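Read through the structure below, which is laid out as structure tokens, and then see the notes.
The values are calculated or read from the model by the stated rules, or taken from the named source; none is laboratory data. Note that the coordinates shown come from a computational prediction; the quantities given were computed from them, not determined experimentally. Cβ placement follows ideal geometry from the backbone for every residue including glycine, while neighbour counts extend to all protein chains displayed. We work out accessible area using only protein heavy atoms, side chains counted, and drop any ligands, DNA or RNA first. Shrake-Rupley method; radii C 1.70, N 1.55, O 1.52, S 1.80 Å.
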Amino acid sequence: MRRSPLDRYDRPGRRTRLLLGVPAAALAVFLAATPALACGGLIGPNGAVNLLRTTTFAGYHDGVEHYVTAFQFAGGGGRFGSITPLPDVPTSVEKGGDWTLQRLVRETSPVFLRDAASPAASASGAVELMKVKIDALDITVLKGGAADIGQWATKHGFRLPPDAPEVLDFYAQRSPIFLAAAFDADAAKARGQQVGDGTPVHITIPTRNPWVPLRILALGKTGGEAVQADVYLLTDRAPALLPVPNGSNGIRLDASETASDSLLSDLRTDRGMDWVPSSGWLTKVAVDGEAAQIGYDLAVDASGAGRPSAVDAGLAMPSTAPLSTPVDVGRIFLALAFVAMGLIGVTLIGRSHSGGRPVAG
Amino acid sequence: MRLQRPATALLIGLAVAAVTGIAANAVARSTDPLVIPITIHFSHYDPAAVTVPVGRPVTFVITNTDPIDHEWIVGDAALHERHRTGTEPVHNARPTEITIPARTERQTTVTFDAPGALQYICHLPGHEAYGMVGTVTITPGG
């Protein structure tokens with residue numbers, strides 16, 4: 001049995017509570033995989049809505065993003081699911097390490113540390129790139145437009161909230177890759193999973209720069225509802241972020257520091273984490289705002305160039321066609337007006353030179 | 001003089017035809033359904049307000065461009081209150097209560113028999129709160 005480096009911090013049975021103490025980092029969409037109630041009422045059957053809670057880590061090294069998130073069993077029965085937008089096609093989706101997320105929490109929670117010291121095409125048009133089963137999770141990596149993904153999800157029993165069409169479109173315009181996870185609560189119970197147990201999933205994604213979807217956190221929430229999440233980044237050097245976390249825009253920079261040797265060593269000994277470099281920069285971004293504020297994603301420039309992409313942040317769309325905008329129509333009119341004025345000017349000058357007499361043809 | 005009678009007859013004929021046509025058109029206009037298209041996009045109705053005459057059939061052509069199902073239920077406050085806690089999985093039995101599956105089009109013809117204002121709402125969970133609400137204003141003297 002592998003020993004967790006957290007053992008030196010924890011009393012027996014302490015880890016579950018630690019994970020529960022993490023602010024709800026739902027990088028996922030809650031989707032009840034039950035028939036929808038057509039007329040008003042609650043989101044789930046019997047009012048037993050079990051929101052998925054996830055904690056997220058995005059590490060980036062040698063052009064590869066390592067995305068570790070945990071799907072947490074919150075009790076109840078039936079099937080639940082989530083959809084997570086991805087920046088690119090992953091090369092692998094596998095069970096994540098046992099302590100990576102908890103260890104990161106400890107690294108940026110010194111008060112708590114002291115306490116602890118004590119592909120196949122589907123009918124809908126979406127392409128299934130990968131299917132993986134991890135414990136009670138059925139994971140499918142999908143490629144498609146917003147409508148394709150939405151239809152695939154609906155056909156597979158996911159119940160999408162009313163803002164899903166717009167949010168899926170927001171992501172599909174920039175990256176058509178999504179990860180759908182169906183959580184079988186009955187299977188989790190049968191496996192002996194307890195409330196609060198998380199199933200970590202490690203997604204390996206070669207991509208030019210890491211990118212963390214944040215707007216998806218607000219999916220299904222009304223404008224004033226709170227969105228809270230913790231996002232940990234591990235990069236080779238201090239990253240440039242967009243939007244800049246300033247606290248007033250719904251995201252806050254809680255930590256930005258050289259990653260400690262002990263952290264890197266602990267992470268490296270976890271399952272699938274041998275990629276962790278010998279040095280790095282640790283950033284913790286806390287999402288703490290209202291749903292209406294979180295209309296963007298977190299763009300990260302880990303190259304040192306200091307130019308995080310506005311497209312990655314969702315602040316600009318890649319399909320913006322300059323000539324189709326009203327501004328450009330205005331410019332065309334302006335240009336035509338100048339041409340017309342020029343022609344009039346030339347005519348007047350010509351007339352004044354010819355003395356107003358008709359020119360013989 | 002000989003030319004005047006045929007010309008007069010022609011003018012009278014044209015006038016009668018015109019009056020008859022206008023009258024027939026007016027009758028047709030008052031009985032033919034008025035067609036109003038409504039598009040559902042990103043879980044919102046477009047337009048979110050329509051005006052119709054009382055007593056005249058109105059055909060609503062509702063196009064759902066979203067990848068999720070929606071409803072179009074028109075009625076007074078009491079009806080909407082019932083639907084907020086209702087349990088019918090789908091609606092299609094009444095012309096005022098329509099389910100529009102994802103990326104489909106549905107038509108329904110409704111005759112409003114009294115002037116006033118009614119709302120059309122999608123009562124799927126969370127949809128009304130998200131803004132899937134519209135208004136039908138029924139004007140007198142159709």
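Laid out as a table, the results:
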{"item": "Qualifying lysines (Cα of each under 27 Å from Cα of residue A:95; at least 8 residues distant if same chain)", "result": "A:131, A:133, A:143, A:155, A:189, A:284"}
{"item": "Net charge, residue A:218 excluded, C-beta distance under 14 Å - Lys, Arg +1, Asp, Glu -1", "result": "-4"}
{"item": "Quarter of Cα convex hull surface for segment B:34-139, i.e. mean projection, nm²", "result": "5.8 nm²"}
{"item": "Segment A:151-256, Rg to Rh (Cα coordinates; Rh as Kirkwood inverse mean 1/r)", "result": "0.98"}
{"item": "Under Karplus coefficients 6.51, -1.76 and 1.60, residue-wise ³J(HN,Hα) of segment B:98-113 in Hz, glycine/proline x", "result": "10, 9, 10, x, 3, 6, 10, 10, 10, 10, 8, 10, 10, 10, 8, 9"}
{"item": "Potential extension, residue A:310-residue A:257 segment - 0.36 nm per residue separation minus Cα distance", "result": "16.6 nm"}
{"item": "Accessible area buried at the B-A interface, both sides summed, 1.4 Å probe (Å², nearest 100)", "result": "1700 Å²"}
{"item": "Alpha carbon centroid spacing (whole Å) that separates segment A:257-279 from segment A:292-317", "result": "26 Å"}
{"item": "In Hz, Karplus ³J(HN,Hα) per residue of segment B:69-76 (6.51, -1.76, 1.60; θ = phi - 60°; x = Gly, Pro)", "result": "6, 9, 10, 10, 10, 10, x, 8"}
{"item": "Under Karplus coefficients 6.51, -1.76 and 1.60, residue-wise ³J(HN,Hα) of segment A:92-105 in Hz, glycine/proline x", "result": "7, 10, 9, 5, x, x, 7, 10, 3, 5, 5, 5, 5, 4"}
{"item": "Placed amide H near residue B:111: partners under 5 Å, 5+ positions off or other chain", "result": "B:58"}
{"item": "Amide H partners (placed H, <5 Å) of residue A:61, local residues excluded", "result": "A:66"}
